[in-house]
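The structure appears below as structure tokens.
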Amino acid sequence: MLGGHKIIGLCTCRVHEEESYKYVTEFNRYFTQKGYRMFVYATCADLYWNTVSEQGESAVYKLIDFNILDALVIQEERIRNKQIVHELIENANKHHIPVITVGEEWAGSIAVAFDYEAGIEKVVHHVIEEHNIRDLHFISGQEGNPFSLSRE
């Protein structure tokens, strides 16, 4: 708590992109109406390549003051360096801060997950049944990516 307000930390990346910006804006609007305040910890890169510059960017997550947080939300689906996600959850758990991950389930957190399998099934069913398309070509996404594998 800080200044009489409960504080929610949000860990994300690429806030300059429209999808992420909308998420952060709506998240902030909702929690502000409930009397909370939000601190956003973000990087410009998704941290996938773990380059020297990305390692420098990821230092923003080391600035989190867990002593003032009441909850931590991690946009796990956007932060591609899973070691960083793991460390964030571990640090929050050490401080007895509840963690919510948006994306995959992680030990020590509550997950908000999306049912990609059911969604892609409905799309494919619609294309076949409603549009009578039988000669399909399917590109699920990056090889080895959990969301791509779900779509397959």
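The values are calculated or read from the model by the stated rules, or taken from the named source; none is laboratory data. Predicted model only: the values in this text are computed from it and were never measured. A quick note on method: Cβ atoms are made from the backbone with ideal geometry, for glycine too, and the neighbour counts reach across all protein chains shown. SASA here: full protein model, heavy atoms, side chains in, ligands and nucleic acids out. Shrake-Rupley method; radii C 1.70, N 1.55, O 1.52, S 1.80 Å.
Just a few scattered comments:
- The criterion of at least 2 residues that are modelled with pLDDT under 95, surrounded by 12 or more Cβ atoms within 10 Å (Cβ to Cβ) and not polar (S, T, N, Q) is met, among strands (runs of 3 or more DSSP E) falling completely within segment 53-152, by 110-112.
- Close Cβ contacts (under 7 Å, 6 or more residues apart or on different chains) running from residues in segment 107-131 that are more than 19 Å from LEU149 (Cβ to Cβ) to residues that are β-branched (Val, Ile, Thr) and assigned to a helix (DSSP H, G or I) comprise GLY108/ILE89; SER109/ILE89.
- Subset of segment 1-13 [at pLDDT below 95 and out of contact with any strand residue (DSSP E or B) (no Cβ under 6 Å at 6 or more places or on another chain)]: MET1, LEU2, GLY3, GLY4
- Checking each residue in segment 51-74 for being of a type in the set (Phe, Trp, Tyr) and touching a His at 6+ places or on another chain (Cβ under 8 Å) picks out only PHE66.
- Number of positions in segment 22-52 that are more than 19 Å from ASN81 (Cα to Cα), among the aromatic types (Phe, Trp, Tyr) and loosely packed, with under 13 Cβ neighbours inside 10 Å: 1
- A residue that is over 29 Å from ARG151 (Cβ atoms), in contact with a helix residue (DSSP H, G or I) (Cβ under 9 Å, 6 or more places away or on another chain) and either without any contact (Cβ under 8 Å) to a residue 24 or more places away in the chain or open to solvent by less than 40 Å² (accessible area, probe 1.4 Å) (or both) occurs somewhere in segment 3-21.
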